[in-house]
Each structure stands twice: as C-alpha cells, then as structure tokens.
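Here's the structure, in structure tokens; my notes come after.
Throughout, read-outs are computed from the coordinates displayed, never taken from laboratory work. Being a predicted model, the structure only gives us computed values, none of them experimental. In this analysis, Cβ positions are derived from the backbone assuming ideal geometry, glycine residues included, and neighbour counts consider all displayed protein chains.
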Amino acid sequence: MVLLDDMGYADIGPFGSEIPTPALQRLADEGFAFTNYHTTPVCSPARAAVLTGLNRHRAGFATVANSDHGFPGVRLELGEDVSTLAEVLHGAGYATAAVRKWHLTRDSLIHEGADDSSWPVQRGFDHYYGSLEGLNSSFHPNQIVRDNTVVQVEETPEDYYITDDYTDEALRFIQGTRASAPQEQRPFYLYFAHTAMHGPLGAKESELAKYRGRYSEGWDALRRERHARQIDLGIIPPETPLPEAVGRLGKEVIDWESLDGETTNLYARYQEVYAAMVDSIDQSLSRIIDLLDDLGEKDNTLIVFTSDNGGSAEGGPEGTRSYFSRFDHVPGLPEDWTADVNRDPAFIGGPRSMAHDPEGWGMASNTPFRFYKGQTFAGGVRVPLLLSWPAGLAAGGLRDQYQYATDLTPTILDLVGVPHPSTVSGTRHGVPVKDIDGVSFAPVLGDASHPSTRPEQYAEFGGNRGLYRDGWKILTNHRPGTPFEDAEWELYHVDEDLNEIHDLAGEFPDLVRDLAARWERLAWESTVFPLNDHSDPRAELRRPADGVYGEAVTLLPGTPKLERWRSSRLTQLRSFEVVIDVTVAEGIPVSSSPTVTRVAATWCGSTPAGCGSRSTSTANCMRHPCRCRRGGGPCDCTLRRSLTSGRRGPWRSTGRRRRSRRCGRCSAWHRSAVSTSV
C-alpha cells in the first residue's frame, strides 16, 4: 500500500497530469482506476480510516495528531479495541513493515521517553522506519525512528534525499523477507506512507532540472490542460465544466495574467519543485515494482496507491519560502507580519528553503474540482485510487462507483481471504474489537456495473460538514468563529454535477433538512461532537502533565535530535540562546587571525510594551536606537547578558565573538557595539 500526502486528483498521469508517471500508469493499465474514491479532509484522520476501516472519529482521530482536546473523538491514539490492518494480517502470518510517515500518535507521545503503545511496532508492524510526525525536511529530517528507537544522525550526507532513503528501506524489507522464506510461507504487507507531497516541498536538483521553465504559462493554463486531458482519458464526462478559480472560503485566486514577469518566475519555481517530487514518488514505486519483477512476485502482489486528502492551499495566495510562517497562529501578531522570506528563488525546493507552493497550484492539483485540503468539497476529499493484482484480478480499467477510505481495509482482507477480528468475536489485548464501518468493494472490481457498496458517508473537519447519500451531497463551507447553523448547508446533485458548482439547497429544502438530520444522527453515533473550528482558544489547551516538556533540559553532544513538538515547547515564545561555530572561507575578512567564529544570537519571547507579539522566532533587543515600524519610540526592553548557557565545549580555535540581537519591536537584527575576543 502506497499512501501519498496532500496529492491532488490531477497530479498523476492516469488522472490527467502532464508529469510522467510510468509506474503509476502501469498500475492503472494492469488494474483499476477509481475515479470516485473519497477520503477525509486531512491526513491523520485519513490514515486512521485507511488502516482500521473505522470512521476516523470512532478511531479517535477527528483531527491531526497535533493537539489534545480530551474528547472521545479526539484521543489521537488508536484505542485498545481498534485493530489495524497490519495487526490482522500479522496474525494471519504476514511479515509487516511501515515506512515513512506515521502521524497516528499524539505529538506529545513521540519522544523516546513516552509511552510507545501507539507507535507502529505496537500496532502490528514487525518493522518501522520513518518519522512519527506529520511532516519533515526532505534533506535534513529532524528525527527518524527505527522500530522503537530514534536513529542518531550526527551529520546528514550532502546527497541525502528522504524519498530515496525510505525507498531503500522498503526494498531491504522485501529482500530480507523473501530471503528468509518464500511467498507462500511468508507473504508480506508493506505500508509505504510518503511525506510527499506535504510541505515543506523539496526535490533533488537532478529532478528539478527536468521541469525548469515548464510552468511559465501559469496555473490557469495548467488547469485547462489537465481538464481537457481528463475528458480524453474518460476520467470525467465530456460535459464536465471547469469551475471558476476560487481560493479557500471563496476568496479569489490570483489571476496569472495580472502578474509581472518577476513574480510569475518566482511562482513557477514552486510548481517545478512539486512536479519533481511527484516524479520522484513514481521513481520510488518503479524501484519497488522492479524488485518484485526480479523476484517473480509482481503479478501476485496486490498494490494499492492513493492519497490521504486533496491538494493543499497551505502556501497561501503567494506561496512561501518559510513554511512554518504560514502556521503562526499566535494571538496579537502585528498587521505587517510576513508569511514569506525574501530568499533567492534559486533556493526554492532545496535544503536552504522551507517552501510551499501558492494556492493557485493547489487549485490545479485538484482539477476539475473546487477547494482544497481541509474542506469537505471534492477538492479536499476526492483523490485518485489505483489498485492492481494481475494474478488475482483481470485488468478492469475505470470504476466510477463512490467508495470511501474506510472501505480499503475490508476490501484488502476480502481479496486475500483473511477475516476481520470483529466478524469472528475477536479481541485485542483481551478487549473485544470494534466493528468496522468500511464495506468491501471487491464486487465492484469483478463487475463494472455493480452498484457502489458505499451508498452513504458523513464527513467533518474543523466545522466543515458533509454527507453523501445516493448521488446527493450536502456540505458546508464553514467560516471559523461563526455559528454552526443549518443555513450553512449547500446541496449538490453530484451524480450530475460532480464538481459541485450548482447549489440546489433553495430548490430542495426538504431534502436538505432530511440529509442534515441524517448527518447529525451519524455524527452522534460516531462521536463527532463537539464541533471545533479552532476559533476558541480552549481548543489549544493541553493536559497539565504535558507542562513538564517545557522545562529546562540539558542537551549534551551526541544527544539524538528532538522531535518538533518537544523542541517547540522549549523555544516557543521563550528566551533562548543559539551559539554556532562558523567556518569562514579564506579571503573573507573577519579579524586578523581566526578562521572559526562563534556567532551568538540571543532571542527573547517576551513582548515589549506597545508592541504586538511576533512569532516563536522573535526577540527583544538591547537598548538600541531603533524605532518600531508599528510606532512608538526606541525599544525599552532588556536582554539577558549571559552568553555562556548552551555552550557546547572548548573552542576549536580563538575567534571573534559577535553579538547579534533581533529587535522584538522592529524585527531588525542589531550588532552590539562591543566585540569581544575569546
């Protein structure tokens, strides 16, 4: 099973993309392409649904595993009464492995000292290699875990690329399994959950070179190209219109033709990176297929490929080279807060940027649909599904039946002849296993005219609700902070209006009321309530015991990297100091003697009077004669003067200590008036 992250409906060749994806095309040619497959609006819930067959609220994943609300639907850990596909297959004699992204463990439980009962190895996988978090750098991952242990990496190789690393690990698992026992004695289950296409975006230079200049005509032209190709391929009916360009919550997407040449060159770079990442994913799959061919097992291997949700608009209208700046939700940010950094566009996609593409490219990813990841419209939840098993299923081509993420686990178990524990009074750790919500669509694989096995499905995320039933769909485009009202419901006849353009709520109010009442009934049954649109500060509360992770910690040389959440507890809106040894190239004057300089930068998280709070990386300054852009006089804050904490050991040579200060009011960096020799 290959699961991508944030990949849209139109991003691969079999679904209309211009990006060459021959491995994926082979799967489509030898198997099936489901054009009406749906998933959840965001990643952790989709993974829970795919791996358990349960609606994600019943599995405990109403949202991503980066909070801790305390309600049953938001446990952000799989319960003791929830069986995973890996556990079921492992119990049937399969070797099991998970590679890359997990994101099914609450962020406060992914450090080495935590209870690891929700880590992959405790959820049915013999082996695990990857990141427990929801995202990572493609070039310098902040934490990699092997089985139950953090991998210590002192220095990442210059040519390191995370997709290649994970693919190597997947190949080793298959080779090792097959060297130990033949397929009939030890079949295997590989769950390969890529971090791509999630931000920050990054690709190898060799792949980037293929796409330089390819997207200069912009996202509007690309969207038209993909739409036309989808009609030619039969992915969508010939009469399917292309909706008007629309951003999140109905905002306008920037008109490409209105941009100047410098801006279009900048924006095009982002899509070049995205295309190169899709290319790399296809190459990864090709390497796995080639190995299976070499082993003589390709035709008797069931391969499933899909995405966790639709394409993302997280980069905002303009994109960003500073990915986390788009997620800075600290109250009181100044009006001139920037969600980008002015770095050389040549860095976009490489190790010196944390990029995400503008939402216009996300719109093209989701062609022919509207809207994005995080929403219950088709753009957020309708994604490609490819399935291939030449020895077990004759190539069937396209299938347009509505199916859902929870249906994958029962379908796979049905095809390989393994019962789910809930059907045989099974238990997990002595606890009866929950019945699953998914239904096998194996009959659809055998008969193109067979009706969908999924006539009804609810959806919810962040206050956005939805319900599909027999070709009709109601949904909301909820605005955070506004009441949850029945007046929000929109109605679409998606059997005839698949990209949800014509709202029929005014014409069929009785149907809207009926479907809305059904949604509420299913929501209560699946522990959806309370609804959370993240506008209430209480939604960010954490359990008191987690306060310990913000206390002081000693990091000695050789300490394994901390995961992102643990690091944020130590640094977010707090004073801290960074001391860096810098090797200066010859010919660059720094001082008369040293070649190694220690640069000390002290940051303060407090807010000076009269200034709005900035971000986690904002500091107060010493009494410098600067003036705040937001008004006021010279800064009146103070700064700790000690430059010794955090020191890593003796100097490698004498050098010149420079003190850099960043002002919390004007955000400018200042050199102190004094430089001291050390």
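Taking a straight line from the alpha carbon of Lys210, these aspartates and glutamates sit under 14 Å away, with near neighbours fewer than eight places off in the same chain left out: Glu18, Glu272, Asp279.
Could you please report the charge total around Thr476, scoring K, R as +1 and D, E as -1 over all other residues with beta-carbon less than 10 angstrom from its beta-carbon? Walk me through the numbers before you get to the answer.
Working: positive: Arg465, Arg479; negative: Glu460, Glu485, Asp486, Glu488, Glu490.
Charge balance in the 10 Å sphere: -3.
Counting only DSSP beta bridges with both residues in the chain, the antiparallel share comes to about 65 percent.
Can you spot the lysines whose alpha carbon is less than 23 Å from Lys251's alpha carbon? Ignore those fewer than 8 places along the same chain. The qualifying lysines are Lys373, Lys473.
Quick check on the exposure proxy: order Glu154, Glu133 from fewest to most C-beta atoms within 10 angstrom.
Glu154, Glu133
Using only alpha-carbon positions in the chain, the gyration tensor eigenvalues give semi-axes of 43, 30, 26 Å once each is multiplied by 5 and square-rooted (largest first).
Oblate is the label for the range 62-149. Its Cα gyration tensor axes, ordered a ≥ b ≥ c, give a/c of at least 1.5 and b/c at or above a/b. Sparse packing (at most 16 other Cβ atoms within 10 Å of the Cβ) combined with a DSSP loop state is found for the following GluC sites (Glu not before Pro) in the range 161-238: Glu184, Glu217. Using the Karplus relation 6.51 cos²θ - 1.76 cosθ + 1.60 with θ = phi - 60°, the per-residue 3J(HN,Hα) values for the range 63-77 come to 8, 6, 7, 10, 7, 6, 6, x, 8, x, x, 10, 5, 6, 8 Hz, with x marking Gly and Pro. Only helices enter this figure: runs of n ≥ 4 DSSP H residues, each worth -39500 (n - 2.57), summed and divided by the residues of the chain, yield -7000 deg cm²/dmol at 222 nm to the nearest 500. A Cβ-based charge dipole, computed about the Cα centre of the chain with Lys and Arg at +1 and Asp and Glu at -1, lands at about 3880 debye.
Counting neighbouring beta carbons within 10 Å and listing from fewest to most, the residues Lys434, Lys251 come out as Lys251, Lys434. Averaging the sequence gap over all C-alpha pairs within less than 8 Å and six or more residues apart, then dividing by the number of residues, gives the range 457-537 a relative contact order of 30 percent. If you take the charge dipole of the chain about its Cα centre, with +1 on Lys and Arg Cβ and -1 on Asp and Glu Cβ, which of Ala46, Thr195, Trp489 is farthest toward its positive end? Of the options given, the answer is Thr195. Net charge near Leu302, counting Lys/Arg +1 and Asp/Glu -1 over other residues with Cβ under 14 Å of its Cβ? With Lys, Arg at +1 and Asp, Glu at -1, the neighbours total -3.
Using the scaling law 2.2 N^0.38 Å as the reference, what is the normalised Cα Rg of the range 457-537?
So the Cα radius of gyration is 1.07 times the expected 2.2 N^0.38 Å.
A cut-off under 14 angstrom between Cβ atoms defines the neighbours of Glu207, and their net charge, with Lys, Arg +1 and Asp, Glu -1, is -1.
Note that the range 147-160 has calculated 3J(HN,Hα) couplings of 6, 10, 10, 5, 7, 8, 10, 6, 8, 7, x, 4, 9, 5 Hz, one per residue in order, obtained from phi through the Karplus relation 6.51 cos²θ - 1.76 cosθ + 1.60 (θ = phi - 60°); glycine and proline are x. The residue among Leu24, Gly261, Thr411 whose Cα reaches farthest toward the positive pole of the charge dipole of the chain, with charges on the beta-carbon of Lys, Arg, Asp and Glu, is Gly261.
For Asp6, the amide hydrogen comes within under 5 Å of the amide hydrogens of Met197, Asp308, Asn309, counting only partners 5 or more places away or on other chains and with H modelled in the peptide plane. For the chain, build the charge dipole from Cβ charges (+1 Lys, Arg; -1 Asp, Glu) around the Cα centre, then report which of Tyr166, Phe377, Leu242 sits farthest towards its positive end. Sorting the options by dipole projection puts first Tyr166.
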